[in-house]
Amino acid sequence: MESGALSTVEFKAFAKDVVLFCHVTTRVPEDPYQDLLRAIGGKYYPTLVFMDGMGKVVGKVDIFDELTVPKFRAAHEKTKRRLALIGKEEPGDAERIELFLLDGALGMLEFDEAKERAGKLGKLEGDAAKEVAAVVTNLEVADHLDPRPSGLDAVKEVGRAFHEMAKAGRVPTTSRLLGGFWTYMFAWAEAEKDVEAARWIVGEVRKLARTDESAKGYLKRMEERLKALQPK
């Protein structure tokens, strides 16, 4: 990042609107703050968050796509809007939906909480229904993948769950989740020697690969494994 977004003129201008704080996680026993990353809910390097004046995390920056100053600014604006909505004593229905979507976009939701809150939003239609469902689906997939399943039984359990979600039209909307979603699903079909399911999965990934470049790598591996799985 030092040679990327942080070194730009745009970041210098953005820095005037916030108070910057940089923490470098160390393995030095004498460092009294070496647990800070975990304390703020961080799992990856780097972890980028917005905090209020009391040090409470109020918004997070998605680090899984390219990190740019426009992305920082967008997250900052969403965080300010989120805080404004949280401060309302009696938010309207549209504001409650907006807050839910902001919490999802800013990484401030866990799956169980999101599922409960979505159920309290009432009957949704149109874009609002799709956007809320996407947040819940993405969080459910992320929950299955954290920690990453290991061992055949765990892989099969997660892959089976993903297959049920996909068949119901519940597919994650971000590239970083799609790889694990389809890969574990195929591993389940392969372990069960379910050729029909494996063919369907490969067909869906082929559609995905038309618009998502990252899917082409695991599509090729799936196609090779499908050949070995099919009866001679």
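Here, each number is a calculation from the coordinates, and none is a lab measurement. Model, not experiment: these values are computed from the prediction. All Cβ positions, even for glycine, are placed from backbone atoms using ideal geometry, and neighbour counts span all protein chains on display.
Observations on the model:
- Neighbourhood net charge (11 Å Cβ-Cβ; Lys/Arg +1, Asp/Glu -1) for Thr79: +3
- For trypsin sites (Lys or Arg not before Pro), the sites in the stretch 21-112 that DSSP calls loop and that have at most 12 other Cβ atoms within 10 Å are Arg27, Lys43, Lys56, Lys88.
- Degrees between helix 69-86 axis and first principal axis of the chain (Cα, 0 to 90, nearest 10): 80 degrees
- Radius 10 Å from Cβ of Arg176, net charge of other residues (Lys, Arg +1; Asp, Glu -1): -2
- Based on C-alpha pairs under 8 angstrom that are at least 6 apart in sequence, the chain has a relative contact order of 11 percent.
- All lysines inside 16 Å of Lys193 as judged from Cα atoms, apart from same-chain residues fewer than 8 positions distant: Lys156, Lys227, Lys232
- Between Gly59 and Phe50, the built amide H atoms are under 5 Å apart, and every one of these is 5 or more places off in sequence or on another chain.
- Anisotropy class of the stretch 151-229 from Cα gyration tensor, a/c 1.5 cut: oblate
- In this Cβ point-charge picture (+1 for Lys and Arg, -1 for Asp and Glu), the chain has a dipole of about 720 debye about its Cα centre.
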